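Structure, as structure tokens:
The values are calculated or read from the model by the stated rules, or taken from the named source; none is laboratory data. Everything quoted here is computed from the prediction, not taken from an experiment. No Cβ is skipped: glycine too gets one built from the backbone with ideal geometry, and neighbour counts run over all protein chains shown.
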């Protein structure tokens, strides 16, 4: 059943769909959507919707999402989709988090979800989730130059972020959540001191991996941003166990004692816990108790800003040329000593080919961005070894934590880096690329040709180069005698003909 949360302002009837932006967070416990209007570079929320889907509860012992959880999720997305009608892809961001990160049948589920929504769903890493949560919180709080610690307890993971103003300093996502801990420790509906102790101990063990690093960096303020923390704060305030509106260890200890005394999840209504939050209340409390103890948190305030608000601000940055992904690419180039002049020349050449061929190859503007970024990173593996550096580079791109990028985008770039040189026949490509192969094939061909045309590393882009063809036949027409004067590039193109022929593509070229 839909549980809409009223926004601060009602939607103006004159607002056109083209003026709106929207974000959907497909969380492990709940799905949330916010629709907003951008007014003078500020987000004005118009409508918020949330449903308790409990996707993580549908993960079986083999980490497959069961039919029931998929049905709940798709039914929710159908309702969300009604609000997105008429909105462009650039004005809608949809992300999946922990449950979809670990599910083994995510790919098949995403096909259904994207069909229902009419928009792409991106699976983000735990650290990318943490970055976006912090962005949402930072924009919801008064500007403050001091470090702040932000904690968000989700259904399958809990994010811990230290940041200053709008920049993060530490990011971590730990494998503990209110749904996964409920299923492990409170599945029988009972709450005993032993069950609570076990849950707190496991959460404490998870926190040991970040304790020293986080306490060394330090913070002046601690902020909680999840539904679990909001509910805990409300219960503490209602029972006068809080310090004003702040959560303290003293208040949590009193709440813990009362929860154990009540002895069952169904009786938590006596504390003022809403029925839809009952089952995950003790598990969320256990995680928060562990965080306060291990990190020595003195007090915490609650903030409404969260992942979905972070998505909106990230979207605004992309559309206003303040794209965090550009900073990520630049950082990787610097970290791995990439020859930036050559990388830029390859990227420019690849873009020239995209402009000529994108219609016939059925490639979008998003593909154009991915092609450019992959081109800028194609030599990243040289920092490890010259031998098979394309494979080393693909590994770095695929498995690094890249701020702003979804898992699908990282995989696409990794495929292009992997196949920018050497063998690329159908057998090898299929072994490496099990998803979106038909789109990634032409992108891989374009980056290969760009690398070949920049073989001399001169940075020269052939003026007047034209390209035409399809995914089966490709012809490059060079300016008169251009290849005649560049025997090395000619030899590389002839070799490339052999590689691409085995890949099912006929390449022709001339400079007559």
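List of remarks:
- Residue 120 over 13 Å from residue 74 (Cβ atoms) and surrounded by fewer than 19 Cβ atoms within 10 Å (Cβ to Cβ): yes
- With respect to the stated conditions, residue 334 fails to be free of Cβ contacts under 8 Å to residues at least 12 places away in the same chain and within 21 Å of the chain's Cα centre (by Cα).
- For the residues 272, 224, 263, 251, the requirement of being buried (at least 18 other Cβ atoms within 10 Å of the Cβ), more than 28 Å from the chain's Cα centre (by Cα) and in contact (Cβ under 8 Å) with a residue 12 or more places away in the chain singles out 251.
- Only residues that are surrounded by fewer than 17 Cβ atoms within 10 Å (Cβ to Cβ) and touching a helix residue (DSSP H, G or I) at 6+ places or on another chain (Cβ under 9 Å) were counted in region 275-298, giving 4.
- Taken over region 28-44, the residue count meeting the criterion of being part of a strand (DSSP E or B) and touching a residue at least 40 places away in the same chain (Cβ under 8 Å) is 9.
- The residues of region 171-182 that are crowded, with 18+ Cβ neighbours inside 10 Å and more than 16 Å from the chain's Cα centre (by Cα), listed by number, are 176, 177, 178, 179, 180, 181, 182.
- Top-ranked residue of region 142-163 - restricted to ones that are in contact with a strand residue (DSSP E or B) (Cβ under 8 Å, 6 or more places away or on another chain) and surrounded by fewer than 16 Cβ atoms within 10 Å (Cβ to Cβ), ranked as modelled with the highest pLDDT: 146
- Single match in 429, 419 (criterion: modelled with pLDDT under 95, under 27 Å from the mean Cα position of the chain (by Cα) and over 30 Å from residue 168 (Cβ atoms)): 429
- Residue count for region 268-286, restricted to those that are in a helix (DSSP H, G or I) and closer than 21 Å to residue 200 by Cα: 9.
- Scanning region 405-431 for residues being surrounded by fewer than 17 Cβ atoms within 10 Å (Cβ to Cβ) and either outside any loop (DSSP other than H, G, I, E, B) or touching a strand residue (DSSP E or B) at 6+ places or on another chain (Cβ under 6 Å) (or both) gives a total of 5.
- So residue 301, is it outside any helix (DSSP H, G or I) and either in the same structural domain as residue 210 (by TED's automatic domain parsing) or in contact with a helix residue (DSSP H, G or I) (Cβ under 9 Å, 6 or more places away or on another chain) (or both): yes
- Any chance residue 402 is in a helix (DSSP H, G or I) and on the phi < 0 side of the Ramachandran plot: no
- Unmet criterion (only one of (1) touching a helix residue (DSSP H, G or I) at 6+ places or on another chain (Cβ under 6 Å); (2) surrounded by 13 or more Cβ atoms within 10 Å (Cβ to Cβ)) for residue 78: (2)
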